[in-house]
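Have a look at the structure below, then the notes.
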Ligand SMILES: [Zn+2]
């Protein structure tokens, strides 16, 4: 793997690397259904590949990814593994605490699981800053790509939609099955939406229930969005934009 992954270093190498790195990225994803065309690990993989490119440009270290997410609504489809949000907040805090005891002072929680992760990541980040005296930044691709997604022809944020499908086509083409992609556009959501571009409420979203997902699944196959609009080229533009933004965030932390 490229990038400076913690799990590939010895403890002596880590002791030396943390001095120049100054920042540790923690990729946080999920293992959950992503329609008939994307692998179960998509959310973890998009966070990992962003972390790798950013690590190569900045020297930041990358902690082993959190492969599991809070995915109760996706349990309707096979292969999804859901961990309770409170367990995830504790796990992320413990990862941060361990590394802070080894002298790491700055962290980026890199989110691959979209809005569902944000709340409990905020809980872990706030507690870490208050109790450990570290600095934590949450980096979310949905919020950090607001300026460009309309130009790319992407619709509202959904699931296994044209946005993450394009990203996966660009970075993990061998794991994708474009011929199996099918569209299932999300219904209009008056007043509430998960799309960061939505002018009304986006943060008071409540994850759906497995029963509701199971009801739509015979037609939706777990998709919410238009993955047939996806392309590897759109994924490249999206990826490069996010890498540029995250490099800027990490450069600021390294100079602090
Ligand atoms: Zn996803």
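We did not get these values from a lab; they are worked out from the coordinates using the rules stated. Bear in mind the structure is a predicted one, so any value in this text is a computation, not a measurement. In this analysis, Cβ positions are derived from the backbone assuming ideal geometry, glycine residues included, and neighbour counts consider all displayed protein chains.
Check the stretch 238-253 and report whether any residue there is assigned to a loop (DSSP other than H, G, I, E, B) and surrounded by 14 or more Cβ atoms within 10 Å (Cβ to Cβ). No, the stretch 238-253 has no match at all.
Give the stretch 119-137 a look and list any residue that's surrounded by fewer than 18 Cβ atoms within 10 Å (Cβ to Cβ) and either within 10 Å of the chain's Cα centre (by Cα) or within 20 Å of residue 22 (Cβ to Cβ) (or both), or say none. Steps first, answer last, please.
Of all residues in the stretch 119-137, those surrounded by fewer than 18 Cβ atoms within 10 Å (Cβ to Cβ) come to 119, 122-123, 126-127, 129-131, 133, 135, 137.
Matches in the stretch 119-137: 129, 133, 135, 137.
Here is a check on your reading of the model: is residue 234 over 17 Å from the mean Cα position of the chain (by Cα), surrounded by 13 or more Cβ atoms within 10 Å (Cβ to Cβ), touching a residue at least 24 places away in the same chain (Cβ under 8 Å) and on the phi > 0 side of the Ramachandran plot? Explain how you work it out, then say what you get.
On the way: over 17 Å from the mean Cα position of the chain (by Cα): yes; surrounded by 13 or more Cβ atoms within 10 Å (Cβ to Cβ): yes; touching a residue at least 24 places away in the same chain (Cβ under 8 Å): yes; on the phi > 0 side of the Ramachandran plot: no.
No; evaluated as a whole, the condition is false for this residue.
Exactly one residue among 110, 157 is crowded, with 18+ Cβ neighbours inside 10 Å, part of a strand (DSSP E or B) and within 15 Å of the ligand (Cβ to nearest atom), and that residue is 110. Report whether or not residue 188 is surrounded by fewer than 16 Cβ atoms within 10 Å (Cβ to Cβ), assigned to a loop (DSSP other than H, G, I, E, B) and at negative phi. Judged against the criteria, residue 188 is a match. Would you confirm whether or not the stretch 74-87 contains a residue that is within 30 Å of residue 216 (Cα to Cα), within 15 Å of the ligand (Cβ to nearest atom), assigned to a loop (DSSP other than H, G, I, E, B) and in contact (Cβ under 8 Å) with a residue 60 or more places away in the chain? Looking through the stretch 74-87, at least one residue is within 30 Å of residue 216 (Cα to Cα), within 15 Å of the ligand (Cβ to nearest atom), assigned to a loop (DSSP other than H, G, I, E, B) and in contact (Cβ under 8 Å) with a residue 60 or more places away in the chain. Within the stretch 27-36, being more than 9 Å from the ligand (Cβ to nearest atom) and either crowded, with 24+ Cβ neighbours inside 10 Å or within 8 Å of the chain's Cα centre (by Cα) (or both) holds for 27, 28, 33, 35.
Hey, among the residues in the stretch 203-217 that are without any contact (Cβ under 8 Å) to a residue 40 or more places away in the chain and more than 19 Å from residue 38 (Cβ to Cβ), which one's surrounded by the most Cβ atoms within 10 Å (Cβ to Cβ)?
Kept after step one, since they are without any contact (Cβ under 8 Å) to a residue 40 or more places away in the chain, are these residues of the stretch 203-217: 204, 206, 215-216.
Among the residues that remain, those that are also more than 19 Å from residue 38 (Cβ to Cβ) are: 204, 206, 215.
Numbers: 204: 8, 206: 8, 215: 12.
Checked the stretch 203-217; the qualifying residue surrounded by the most Cβ atoms within 10 Å (Cβ to Cβ) is 215.
Scanning the stretch 37-66 for residues that are away from the ligand (no atom under 13 Å from the Cβ) and not in a helix (DSSP H, G or I) yields 59, 60, 61, 62, 63, 64, 65, 66. Just one of the numbered conditions (1) in contact (Cβ under 8 Å) with a residue 40 or more places away in the chain; (2) within 15 Å of the ligand (Cβ to nearest atom); (3) touching a strand residue (DSSP E or B) at 6+ places or on another chain (Cβ under 9 Å) is not true of residue 246: (2).
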